[in-house]
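The block underneath contains the structure these notes are about, expressed in structure tokens.
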Amino acid sequence: MTLLGRIRLVARFIRRELVAGELTILGLALVVAVTAMSSVAFFSDRVEKALTTQATQLLAADLVLAGNQPAPAAIREEASRRGLLMADNITFPSMVFAGGQATLAQYKAVSAGYPLRGETTVRLADGSEKSGRLQPASGEAWADARLMSRLKLKPGDEIGVGDARLKLSGTIAREPDGSMDVYNFIPRLMFNSADLPATGLVQEGSRIRWRLLFAGEDRQISDFRGWLRKHKPHGSRLEDVEEMRPEIRAGLERARRFLGLTAMLTVALAAAAVALVVRRYLQRHWQQVAVLRCLGLGSGEVWGLFVTLFLLLGLLAGAIGTAAGFGAQLGLMR
């Protein structure tokens, strides 16, 4: 049989099956199966990405280069060339002086753009709160409630930070990476990194932790992480939320296993349902196969007829089911 003859035969066969209604049931089963699988897959992928995004907010970035020295200019240039966002986060413990009193605090000097992930929430002098990618202006500082209470401070007071005098302009209500700091149990003070040289606290032997934050698309961060492993300075380390917090890594792994198991179960149920429908369909077509063989079609041609039928039906049902599954997961998310 020529190729054109096979196409005509398949077209007549499909038209006959559609009129008989046998193909409709099989098509609906395939659409339902693909819809179920694709909706679970889309939903699982969206949930996993949301969990990862929420986790990165604890780090205020997607990737961090931490060390006892500032990051070399070559690393900043490479990150900029790759289109990554950057911000500085410099932390160290020191004394805060105000009103003739002093207490130990954890200083955090941040640059423009901080935080790259998550939001900082600050309570202003008028009692209102402001959230977003916020940093204290140069000459100003924000303190947490513990420091405010311990030194009996209020917005507008001046505090001594090394050799510099900074105006207290707000109270820290929330900072995304505060829980990741090893010194998060002591009061905290945040100020602009532009004021760090004026404090005179950057000296030989200072216990300063220089952290360069990076954020970007998943592929960009993955490629840059590989490059950075080879070019990072001696003594520095790469940090991400899973490496710094084992409990977060364990939680994410459990969530991924659960979502993966859900997807596998959906695939298994859908495959079983489709297999039952196909089995019923074929059982009802043995006589047609016998008639086709009597009319002169070889076994290969009969197989080709049904394979072509199932292939076309699978492609059509796959397209419809994928679109329906995408719409279903959008509805679930909303």
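The values are calculated or read from the model by the stated rules, or taken from the named source; none is laboratory data. As the structure is a computational prediction, the values presented were derived from the model and not from experiment. Here Cβ is always computed from backbone atoms with ideal geometry, including for glycine, and neighbour counts include all displayed protein chains. Ligands, DNA and RNA are stripped out before the accessible areas are found, and what is left, the full protein with its side chains, is counted by its heavy atoms. Shrake-Rupley method; radii C 1.70, N 1.55, O 1.52, S 1.80 Å.
Rounded if a/c is under 1.5, else prolate if a/b is larger than b/c, else oblate: which is the chain, with a ≥ b ≥ c the root eigenvalues of its Cα gyration tensor? Prolate shape, in that a/c is at least 1.5 and a/b is the bigger ratio.
Projecting the Cα atoms of Ala41, Gln57, Gly156 onto the charge dipole of the chain, computed from C-beta unit charges around the Cα centre, puts Ala41 farthest toward the positive end.
A simple charge model with +1 on the Cβ of Lys and Arg, -1 on the Cβ of Asp and Glu and nothing else charged puts the dipole of segment 63-240 at about 280 debye relative to its Cα centre. Sequence-distant contacts, meaning Cα pairs under 8 Å at least 6 residues apart, place the relative contact order of the chain at 30 percent. Taking a Cβ cut-off of under 12 Å around Phe97, the surrounding Lys, Arg, Asp and Glu residues balance to a net charge of -2, with basic ones at +1 and acidic ones at -1.
The residues of the chain present an accessible area of 55 Å² per residue when probed at 1.4 Å with all protein chains retained. Packing order of peptides 115-123, 276-284, 212-220, highest average first: 115-123, 212-220, 276-284 (average count of other Cβ atoms within 10 Å over each peptide's residues). Projected label points at Gln101 and Arg257, each 7 Å from Cα along the beta carbon direction, are separated by 5.0 nanometres.
Scaling against 2.2 N^0.38 Å puts the C-alpha radius of gyration of segment 63-240 at 1.05. Other residues within the sphere of radius under 15 Å centred on the Cβ of Ala41, judged by their own Cβ, net out at +1 (K and R +1, D and E -1).
FRET efficiency for Asp163 and Ala112, Cβ-Cβ distance as r, R0 = 30 Å, nearest 0.05? Rounded to the nearest 0.05, the efficiency is 0.85.
Please check: in the Gaussian network model of the chain (C-alpha springs, under 10 Å), which one of Gly321, Gly27, Gly205 has the largest mean-square fluctuation. Of Gly321, Gly27, Gly205, the Gaussian network model singles out Gly205 as fluctuating most.
As a fraction of the 1.4 Å probe accessible area of segment 63-240, surface on carbon and sulfur atoms comes out at 48 percent.
Seen from Pro176, the other residues with C-beta closer than 9 Å to its C-beta sum to a net charge of -1, counting Lys and Arg as +1 and Asp and Glu as -1. Test of understanding: in a Gaussian network model of the chain with alpha carbons linked when under 10 Å, which of Glu158, Glu301, Glu129 would top the mean-square fluctuation ranking? Between Glu158, Glu301, Glu129, it is Glu301 that shows the largest mean-square fluctuation.
Here r is the Cβ-Cβ distance between Leu18 and Gln54 and R0 is 41 Å; the resulting FRET efficiency, rounded to 0.05, is 0.25. Placing dummy labels 7 Å off each Cα toward the beta-carbon, the span from Ala74 to Leu269 is 5.6 nm. Listed by chain and number, the lysines whose alpha-carbon sits under 17 Å from that of Lys167, ignoring those within fewer than 8 places in the same chain, are Lys108, Lys152, Lys154. I want to check the label-to-label distance for Lys154 and Arg174. Put each point 7 Å from Cα in the C-beta direction and report it in nm to one decimal. Calculated label separation equals 2.7 nm. Taken about its Cα centre, the chain carries a charge dipole of about 1220 debye when Lys and Arg each add +1 at the Cβ and Asp and Glu each add -1 at the Cβ. Structure remark: mean-square fluctuation, Gaussian network model of the chain, C-alpha springs under 10 Å; the largest value among Arg82, Arg293, Arg188 belongs to Arg293.
Protection proxy ranking, highest mean first, for peptides 260-271, 61-72: 61-72, 260-271, where packing is the per-residue count of other beta-carbon atoms within 10 Å, averaged.
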